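Trainee: Sharing a structure, written as structure tokens. Questions coming.
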Amino acid sequence: MVILLKRAYEAPGPDDGFRVLVDRLWPRGVSKDSARIDLWLKDIAPSTSLRKWFDHDPAKWNEFSDRYLSELRHNAGAAEQLMEQVHRGPVTLVYGAKDKEHTHALVLKTYLENLT
């Protein structure tokens, strides 16, 4: 099982495998052709209210992670859909946030790895 993380602003690579955009909003300034997204799974992203509350504030990171994990546990369908792809081969979770250490994609990756 290989789950990678990559910002939407980074060029797709040959090892990315199946690329899944895990944001509710399309990344600003990124064309659909250049992003090479195989699946846009909006439903697995944090809720709009949680995303707005977090506002990329590192001081809220721990609470955000807990709240997002709770949302993921109540969203089994989207997680199952993503796990089907993970079992087929490498998956890259694509996200738009600048901060690579405080992104929901990192929480999602850990969550998926713990499902197996």
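Trainee: Hey, could you check the stretch 70-100 for residues that are in a loop (DSSP other than H, G, I, E, B) and touching a residue at least 40 places away in the same chain (Cβ under 8 Å) and say which is nearest to Leu25 (Cα to Cα)?
Mentor: Gly96
Trainee: Also: Does the stretch 23-51 hold any residues that are exposed (fewer than 12 other Cβ atoms within 10 Å of the Cβ) and within 17 Å of Val107 (Cβ to Cβ), and which are they?
Mentor: Thr48, Ser49, listed by residue number.
Trainee: I'm trying to understand the selection: among the residues of the stretch 27-41, which are in contact (Cβ under 8 Å) with a residue 60 or more places away in the chain and not charged (D, E, K, R)?
Mentor: Pro27, Val30
Trainee: For the subset of the stretch 31-69 comprising residues that are of a type in the set (Gly, Ala, Ser) and not in a loop (DSSP other than H, G, I, E, B), which member is nearest to Asp16 (Cα to Cα)?
Mentor: Checked the stretch 31-69; the qualifying residue nearest to Asp16 (Cα to Cα) is Ala35.
Trainee: With the requirement that a residue be among the β-branched types (Val, Ile, Thr) and either under 14 Å from Gly89 (Cα atoms) or touching an Asp or Glu at 6+ places or on another chain (Cβ under 7 Å) (or both), what does the stretch 2-29 give you?
Mentor: Those that are among the β-branched types (Val, Ile, Thr) and either under 14 Å from Gly89 (Cα atoms) or touching an Asp or Glu at 6+ places or on another chain (Cβ under 7 Å) (or both): Val2, Ile3, Val20.
Trainee: Search the stretch 56-75 for residues being among the acidic types (Asp, Glu) and under 16 Å from the mean Cα position of the chain (by Cα), and hand back the single one that is surrounded by the most Cβ atoms within 10 Å (Cβ to Cβ).
Mentor: Of everything passing the filter in the stretch 56-75, Glu71 is surrounded by the most Cβ atoms within 10 Å (Cβ to Cβ).
Trainee: Can you give me the number of residues within the stretch 102-116 that are over 12 Å from the mean Cα position of the chain (by Cα) and without any contact (Cβ under 8 Å) to a residue 12 or more places away in the chain?
Mentor: Qualifying residue count, the stretch 102-116: 1.
Trainee: Identify all residues within the stretch 30-72 that are under 28 Å from Pro90 (Cβ atoms), out of contact with any strand residue (DSSP E or B) (no Cβ under 6 Å at 6 or more places or on another chain) and of a type in the set (Asp, Glu); write none if there are none.
Mentor: Asp33, Asp43, Glu71
Trainee: Counting just the residues of the stretch 76-98 that are more than 15 Å from Ala45 (Cβ to Cβ) and loosely packed, with under 12 Cβ neighbours inside 10 Å, which one comes out modelled with the lowest pLDDT?
Mentor: Among those residues, the one meeting the criterion is Ala76.
The values are calculated or read from the model by the stated rules, or taken from the named source; none is laboratory data. Here the structure is a predicted model, which means the values were calculated and not measured. Cβ coordinates were reconstructed from backbone atoms using ideal geometry, including for glycine residues, and neighbour counts include every protein chain displayed.
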